[in-house]
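Remarks on the structure that follows.
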Amino acid sequence: MNADLNATRQHFDLWAHDGSAQRMEHHHAYPTQVAFEAVEWDPAWRALDIGCGSGWATRLAAEKLYLGSVVGLELSPKMAELATNLSAERANIEILNNDLFGADLAETSFDLVHANESLYYILPLAEALKKIHGLLKEKGTLLGIVDYYTENEASHVWSEQIDAPMELRSEAEYVQLCQAAGFTSVTTRRILHPAATEEGSWQQTVGSLFVRAVK
Ligand SMILES: C[S@@+](CC[C@H](N)C(=O)[O-])C[C@H]1O[C@@H](n2cnc3c(N)ncnc32)[C@H](O)[C@@H]1O
């Protein structure tokens, strides 16, 4: 494993059991809810949740895909273990402990890919998007949610606080990179979080960047 991946893996191993996994679920749930509502789900779909953390969104997707299945992909062994334990009762979930480029995932085998706050850890981002494009079936959709992006100035300091390499890109660059990866339709929107978040915070001013890209 290269040094970058190892740093990311170790960072999220620490976050698996210090309350951060629950905190991320709390903060990331709303944008995923909005992103999931933007799609017309077929219950027989096969989905991939990249950087699934504790697997909360994997389980939400699995509820919708009661005739299909969901793979939760997670680099950190401790996060993957947590996701596996929390998902044990769901027969249509498989948690894989690997990175996007190393995982044994068949090309054109997914109808939907969800990635909440994980894309910018998978470097280079341009290659990650090409890989995701290859994993999707024709007309398959990527739902990407990104809080660390150029227009969210409050997020820039995270690269100093989080001991893992991260790629900072703008909204326009996400669109360009998705198009360059081969996606035919790419749209973005900002998701402002509900009033429960701190007044004047980035969640209420610039919000989460939601990238929807169709193959
Ligand atoms: C900020 S967390 C978000 C976790 C989860 N999506 C959530 O919202 O709670 C980013 C996750 O992506 C995972 N990750 C980072 N790089 C990855 C890679 N190359 N392949 C798979 N997972 C990766 C990390 O281990 C971490 O659990």
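Does the stretch 137-180 hold any residues that are over 15 Å from the mean Cα position of the chain (by Cα), in contact (Cβ under 8 Å) with a residue 60 or more places away in the chain and under 24 Å from Glu107 (Cβ atoms), and which are they? Those that are over 15 Å from the mean Cα position of the chain (by Cα), in contact (Cβ under 8 Å) with a residue 60 or more places away in the chain and under 24 Å from Glu107 (Cβ atoms): Lys137, Glu138, Lys139, Gly140.
Looking at the structure I just gave you, is Ala21 in contact (Cβ under 8 Å) with a residue 40 or more places away in the chain and either surrounded by 16 or more Cβ atoms within 10 Å (Cβ to Cβ) or acidic (Asp, Glu) (or both)? Steps first, answer last, please.
Details: in contact (Cβ under 8 Å) with a residue 40 or more places away in the chain: yes; either surrounded by 16 or more Cβ atoms within 10 Å (Cβ to Cβ) or acidic (Asp, Glu) (or both): yes.
Yes, satisfied.
Residues in the stretch 75-119 that are out of contact with any helix residue (DSSP H, G or I) (no Cβ under 8 Å at 6 or more places or on another chain) and near the ligand (Cβ under 9 Å from one of its atoms): Ala80, Asn98, Gly102, Ala103, Ser118. Asp163 fulfils the conditions (1) more than 16 Å from the ligand (Cβ to nearest atom); (2) surrounded by fewer than 15 Cβ atoms within 10 Å (Cβ to Cβ) except for a single criterion, (1).
Summed over the stretch 8-45, the residues that are at pLDDT below 95, charged (D, E, K, R) and not in a helix (DSSP H, G or I) give a count of 1.
Yes or no, residue by residue, for (1) within 20 Å of Val211 (Cα to Cα); (2) hydrophobic (A, V, I, L, M, F, W, C); (3) under 16 Å from the mean Cα position of the chain (by Cα):
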| position | (1), (2), (3) |
| --- | --- |
| Gln10 | no, no, no |
| His27 | yes, no, yes |
| Gln33 | yes, no, yes |
| Leu67 | no, yes, no |
| Leu73 | yes, yes, yes |
| Pro77 | no, no, no |
| Glu89 | no, no, no |
| Asp99 | no, no, yes |
| Glu107 | no, no, no |
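Table: residues versus (1) within 24 Å of Glu89 (Cα to Cα); (2) touching a Lys or Arg at 6+ places or on another chain (Cβ under 9 Å); (3) near the ligand (Cβ under 9 Å from one of its atoms).
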| residue | (1), (2), (3) |
| --- | --- |
| Ala3 | no, no, no |
| Thr8 | no, no, yes |
| Met24 | yes, no, yes |
| His27 | no, no, yes |
| Ala35 | no, yes, no |
| Val39 | no, yes, no |
| Arg46 | yes, yes, no |
| Gly51 | yes, no, yes |
| Ala62 | yes, yes, no |
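The condition (being of a type outside the set (A, V, I, L, M) and modelled with pLDDT of 95 or more) is satisfied by just one residue among Thr184, Thr205: Thr184.
As a summary of the residue check, Leu125 satisfies the conditions (1) without any contact (Cβ under 8 Å) to a residue 12 or more places away in the chain; (2) within 16 Å of the ligand (Cβ to nearest atom) except for the one numbered (1).
Restricting the first member to the stretch 53-70 and to residues that are closer than 16 Å to Gln33 by Cα, and the second to residues that are surrounded by fewer than 18 Cβ atoms within 10 Å (Cβ to Cβ) and of a type in the set (Phe, Trp, Tyr), the beta-carbon pairs closer than 8 Å and six or more apart or on different chains are Leu60/Phe36; Ala61/Phe36; Lys64/Phe36; Lys64/Trp41; Leu65/Trp41.
The values are calculated or read from the model by the stated rules, or taken from the named source; none is laboratory data. Keep in mind the model is a prediction, meaning the values are calculated, not measured. Cβ coordinates were reconstructed from backbone atoms using ideal geometry, including for glycine residues, and neighbour counts include every protein chain displayed.
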